[in-house]
Amino acid sequence: MSFDQIRLDKHEGIALLTLHRPDRMNAFTTGMMLEAVAALDECDADDAVRAVIFTGSGDRAFCAGADLGSGASTFDYDKRTDKLATLPDGASASPIRADSSIDWSHPLVRDSGGRLSLRIFEAKKPVLGAINGAAVGIGATMTLPMDARLASETARYGFVFARRGIVPEAASSWFLPRLVGIANAVDLCYSGRLISAEEARDKGLVQSVHAPGALIDAAIAKAREMTADSAPVSVALTRHMLWRMMGAPHPIQAHRWDSRVIFSRGRSPDAAEGVTSFLEKRPPNFTASVANDYPWFDEFEESPPYS
């Protein structure tokens, strides 16, 4: 698939997804969201891809937030004609009913940043961020469901929503406190202040800080470290288990999923290969395909008879 507002380059198992609007500091648009979602779909279906790295084009910004080219109506979504591209066939072009009430279930009410965050959350491959400059607004919140965030020394984070008269989006009210704690989350979101890469690392928002020229290589090395010796289907399942259990109210839910997934994987050729290769002291050759052999979590949703 060809893209206009992103670039997708694949090399030796790593997909580099570059937000590509350098003349606008890679500012976020509906089109960029749709292309990034499509790229993640493509990567999930490609067994040659083991991990995806997001970065920004140029050396100024990862993503400077929402494109403010619409001026005062930037966040008035029912006035944004570009969001019409997200409507399914036959849907009304406005969430405003004839009686002036709002149809809260209408697709145009839905936050575009949240659509991308949820797609990253659902990804079957590890997703990393190589934050090469300003990461502001959606540029910050889209990184939260990623598995690792590495930052350039020039990076700056800003959860600036209250300064723009809006609120945090992209499901960040769920992700951010889990990453940095509630005290740091409220400080960052209430004030809307910009923080350096070093402060972001100290708060747990990023894992490491690198010289600008070394950032992409460091992200690729981290992606390979995460995936090189592991079964791809096991990584995909583990990713979904760990993220979902962050919101579980009781460990019994983890036990239910653990039991079903370990039973499923225990019967797979990968499990036999993992043990045999260890005993034979050789690298494993895992053959199960993420695209074809991943057991959907829908199979695990029904509660088993044990409590």
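The values are calculated or read from the model by the stated rules, or taken from the named source; none is laboratory data. Model, not experiment: these values are computed from the prediction. As a convention, Cβ positions derive from the backbone with ideal geometry for all residues, glycine included, and neighbour counts pool all protein chains shown.
Somewhere in the range 114-137, is a residue within 20 Å of D67 (Cβ to Cβ) and aromatic (F, W, Y)? Looking for residues that are within 20 Å of D67 (Cβ to Cβ) and aromatic (F, W, Y), one finds none in the range 114-137, hence no. Scanning for something charged (D, E, K, R), at pLDDT 95 or above and touching a Ser or Thr at 6+ places or on another chain (Cβ under 7 Å), does the range 7-19 turn up at least one residue? For the range 7-19, residues charged (D, E, K, R), at pLDDT 95 or above and touching a Ser or Thr at 6+ places or on another chain (Cβ under 7 Å): present. Does the range 140-164 hold any residues that are among the small types (G, A, S) and either modelled with pLDDT under 95 or within 20 Å of T30 (Cβ to Cβ) (or both), and which are they? Selection gives A140 alone.
Confirm whether F159 is of a type outside the set (V, I, T), buried (at least 20 other Cβ atoms within 10 Å of the Cβ) and in contact with a Cys (Cβ under 6 Å, 6 or more places away or on another chain). Judged against the criteria, F159 is a match. The conditions of being in the same structural domain as K10 (by TED's automatic domain parsing), in contact with a Lys or Arg (Cβ under 7 Å, 6 or more places away or on another chain) and more than 16 Å from T143 (Cα to Cα) are not met by G213.
Residues that are in contact (Cβ under 8 Å) with a residue 60 or more places away in the chain and surrounded by fewer than 19 Cβ atoms within 10 Å (Cβ to Cβ) within the range 198-215 comprise just one, P212.
The residue list L34, L17 contains one member that is part of a helix (DSSP H, G or I), in the same structural domain as M146 (by TED's automatic domain parsing) and touching a residue at least 24 places away in the same chain (Cβ under 8 Å), which is L34.
Selection within the range 111-156: residues that are among the β-branched types (V, I, T) and either free of Cβ contacts under 8 Å to residues at least 40 places away in the same chain or not in a helix (DSSP H, G or I) (or both). The member of this set that is surrounded by the most Cβ atoms within 10 Å (Cβ to Cβ) is I131.
In the range 37-69, of all residues being among the aliphatic types (A, V, I, L, M) and part of a loop (DSSP other than H, G, I, E, B), the one that is surrounded by the fewest Cβ atoms within 10 Å (Cβ to Cβ) corresponds to A48.
Among the residues of the range 20-42, the ones that are closer than 17 Å to F121 by Cα and touching a Ser or Thr at 6+ places or on another chain (Cβ under 8 Å) come to 2 in all.
The conditions of being of a type outside the set (A, V, I, L, M, F, W, C) and either in contact with a strand residue (DSSP E or B) (Cβ under 8 Å, 6 or more places away or on another chain) or within 14 Å of A64 (Cβ to Cβ) (or both) are met by E153. Of the residues making up the range 172-184, just one is among the aliphatic types (A, V, I, L, M), under 14 Å from M142 (Cβ atoms) and surrounded by fewer than 21 Cβ atoms within 10 Å (Cβ to Cβ), namely L179. Going through (1) surrounded by fewer than 18 Cβ atoms within 10 Å (Cβ to Cβ); (2) not small (G, A, S); (3) not in a loop (DSSP other than H, G, I, E, B) one by one, R256 falls short only on (1).
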